[in-house]
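The structure under discussion appears below in the form of C-alpha cells.
Quick note: the coordinates plus some simple rules give every number you see, no bench work behind them. Because the structure is predicted, anything quoted here is derived from the model rather than measured. Positions of Cβ are generated from backbone atoms using ideal geometry, with glycine treated the same way; all protein chains shown enter the neighbour counts.
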Amino acid sequence: MSRGNFSSKIGFIAAAAGSAVGLGNIWKFPFEVGKGGGAAFVLMYLIFCFILCFPVMVTEIAIGRKTQKNPYGAYPILGFGKWRGLGLLGVFSGVLILSFYNVVAGWAFGYFYEIGIKGNFGIGNSFGDYVADWKTVGAFGIIFMGLTAFIVSRGVSGGIEKASKILMPVLISIILFLIIYSWTLPGSTEGIKFYLIPDFSKINLEVIHTALAHAFFSLSLGMGALITYGSYVSKKDNILSSAAFITVADVGIAFLAGLMMFPFVFSQGIDTNGGAGLIFMTLPGVFGSLGPLVGRLIGGLFFLLLSFAALTSTVSLLEVPVAYVVDELKIKRKSASWWVALVIFLVGIPSLLGNGAVRFFSSFITYGGKESPTDFMTFIADIALESFLPLGGLLTVLFVAFVWKKENLSEEIAIGNPNYKGSFLEKFLHFNILVTCPIILALLLILTVLSKFLGIHLV
Ligand code: TRP
C-alpha cells in the first residue's frame, strides 16, 4: 500500500509548519501569557522552545524518516519493539487532544460566521453564552471534523501543502496590520509593557510547567505527529534546517499574536487572566471599531484564516491515529479516516457540553487541592496536553539517549546534511538530548504531577 510522500521539501515544511501553527499560537499562547503574568512567561516559553523542544523535533523527524512508519510501528523497526507503548501513548494523546481542539476550532469557525457573515461585533460580550450554545458550536465542530477527515482521507501530500503556502502569509499580514492598528489605541503601551518587560516575581512552578507544556503543544511535539510527518520526508532533505524553520515560524507567529493581543486587551480593560475566552472576548470589539464594512472584512478574514490554521493542525492530529490504523490494522486510509474522526468527535462531546451547556461536564471533577471543580475540557487538557506531551517528549529523548543511541540519530540527520557530523550543532543536540532534556523534563513532570493532580507542593 502506498503511504504517500510530500511532493517536495517545501511541501513537508509547509505541512509541518501548518501543523505547528494553529490555535496554540493565536488562541492559547496569549491567554497563557495572560495567566502566567506576561513577559516572564514569554521568556520561558522561548527558552524551552529552543533548548528542549528543538532537539525533540529533530529527533521525531529523524525517527520518522528512518523508519517510514507511524509512531507505533516505528520502534519495532528500529529493533526495540517494547517501545511501541510510547507510540501508543502518542496515538492516545492525539485522540484526546483532537477531541477538545476540534471544539475550540468550532468556536473560531463560528466566529467567522458571526463576524464575517452576520457582522455581529457584539459577540465578544456574549462569549460565555455562545460556547454554552452546544447546538450551534457542535454543528461547526461537525463541519470542522468532517473537513479534517476529508483531507486526511486523501493523504497528506494533497491539498494541505499548497493551501498552507498561500494562506499562512495572508494570516501573518493581517496580524501585522492589527499590531500596527493596536498601537494607535489608548492604553496600548501598558499592554506592550506587560508583554515585553518580565516581572520575575510572577514565576512559579505552575507557570514554568505551563510554559513547557505549551512549548510542546505549540510545536506539535511529544505524540509522534512529526514522526508520522517525518515518515513522508525524502532522504534528500535536510532535517535540521527544516526543523529550524518550523520552530522559528511557529514561535514567530505566536510572538506576533501576543504582540497584537495585549495592547487590545489593555485598551479595552479586559482581565488578562480571562482564560480560554481571551481572544474571543477581545477581538470582536476591535473589529467593530474598524467600522462595519472594514471590520467585517478584516474580522471575517481573520477568523476564517484562524480556522484554516486550526485545520492544518487538526489534520496532523488526526493523521497520527489514522496512520496507526492504516499501517497496523491494514484498514484503507479512506474508511480509517472517517471512522477515527467519528470516534474522536464522540470523545469530544463532553468537552463540547462542558462549557456551560451541561452542569455535570462544566463542573466535572475536583483535584490537586483546588477549591472548585474543573470542566471536562480542562481536565482532558491537563491529562493529554499538560502531562502526556512532556512525558512523550521525555521518553523520546530517553529512547535516543539510552536505547537507539546518539550515533544512530547522527547517522540519520547526516543524510541530506553532509557537514553535520562533528559540527557544533551535533554537540548542542547531543548535550541537550543526553543531559538537559532528560533532567529538566523529568524534574518538571514529577513536580507537576505532585502539585497539579495530588495537591502536594514541594516548591
Ligand atoms: N501545534 C498545534 C497548535 O499550536 C496543535 C497541534 C497539532 C499539536 N498537531 C499536534 C499539538 C500534535 C501536539 C501534537 O495549534
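Go through the stretch 204-219 residue by residue and turn each phi into a ³J(HN,Hα) via Karplus (6.51, -1.76, 1.60, θ = phi - 60°); whole Hz please, and just put x for glycine and proline.
So the J values, rounded to whole Hz, are 9, 4, 4, 5, 4, 5, 4, 4, 5, 4, 5, 4, 4, 4, 5, 8.
What is the helix-to-structure angle for 84-111, meaning the angle in degrees between its Cα long axis and the longest Cα principal axis of the chain, kept from 0 to 90 and rounded to the nearest 10?
So the inclination is approximately 20 degrees.
What's the angle, to the nearest 10 degrees (0 to 90), between helix 39-48's Cα axis and the longest principal axis of the chain?
Helix 39-48 sits roughly 20 degrees off the main axis of the chain.
How long is the stretch 223-330 along each principal axis, judged by its Cα atoms, biggest number first, in Å?
52, 31, 30
Measuring from label point to label point, each 7 Å out along Cα→Cβ, what is the V435 to R154 span in nm?
So the two model labels end up 4.9 nm from each other.
For T374, enumerate residues with amide H under 5 Å from its amide H, sequence gap 5+ or separate chain, H modeled in the peptide plane.
The list, which skips near neighbours in sequence, is F364, I365, T366, Y367.
With a sphere of radius 13 Å drawn around the Cβ of I26, what net charge do the other residues whose Cβ falls strictly inside it have (Lys, Arg +1; Asp, Glu -1)?
For residues surrounding I26, the net value is -1.
Would you mind counting up the charge near V152? Only other residues with Cβ under 10 Å from its Cβ, with Lys and Arg at +1 and Asp and Glu at -1. Each step should come with its number before you reach the end.
Numbers: positive: R154, R333, K334; negative: E319.
Combined, the nearby Lys, Arg, Asp and Glu give +2.
Name the residue from P76, V400, G187 whose Cα lies farthest towards the positive end of the charge dipole of the chain, charges +1 on Cβ of Lys and Arg and -1 on Cβ of Asp and Glu.
Farthest towards the positive pole: P76.
Taking Cα atoms, how many degrees apart are the long axis of helix 9-20 and the longest axis of the chain, rounded to 10 and kept between 0 and 90?
50
Do you know the relative contact order of the chain, to the nearest whole percent, from alpha carbon pairs under 8 angstrom that are 6+ apart?
Across the chain, relative contact order equals 32 percent.
Pick out, in residue order, every one of the trypsin sites (Lys or Arg not before Pro) in the stretch 190-278 that is DSSP loop and has at most 13 other C-beta atoms within 10 Å; say none if there are none.
Answer by residue number: K235, K236.
Mind grabbing the base-10 log of I(q)/I(0) for the chain at q = 0.07 Å⁻¹? Debye formula, identical points on the C-alpha positions, no solvent, two decimal places.
Relative scattering, expressed as log10 I(q)/I(0), comes to -0.32.
With an 8 Å Cα cut-off and a minimum separation of 6 or more residues, compute the relative contact order for the stretch 78-148 in percent.
38
Of all the Cα-Cα pairs you can form in the stretch 81-227, what percent are over 23 Å apart?
60
List the trypsin sites (Lys or Arg not before Pro) within the stretch 359-459 that DSSP assigns to loop and that have no more than 14 neighbouring Cβ atoms inside 10 Å.
For trypsin sites (Lys or Arg not before Pro) across the stretch 359-459 that sit outside H, G, I, E and B with at most 14 neighbouring Cβ atoms in 10 Å, the list reads K370, K405, K421.
Ranked from highest to lowest mean number of other Cβ atoms within 10 Å per residue, what is the order of the peptides 207-219, 163-175?
207-219, 163-175
Using the Cα centre of the stretch 42-193 as origin and beta-carbon charges of +1 (Lys, Arg) and -1 (Asp, Glu), tell me which of Y113, N125, S173 is placed farthest towards the positive end of the dipole.
S173
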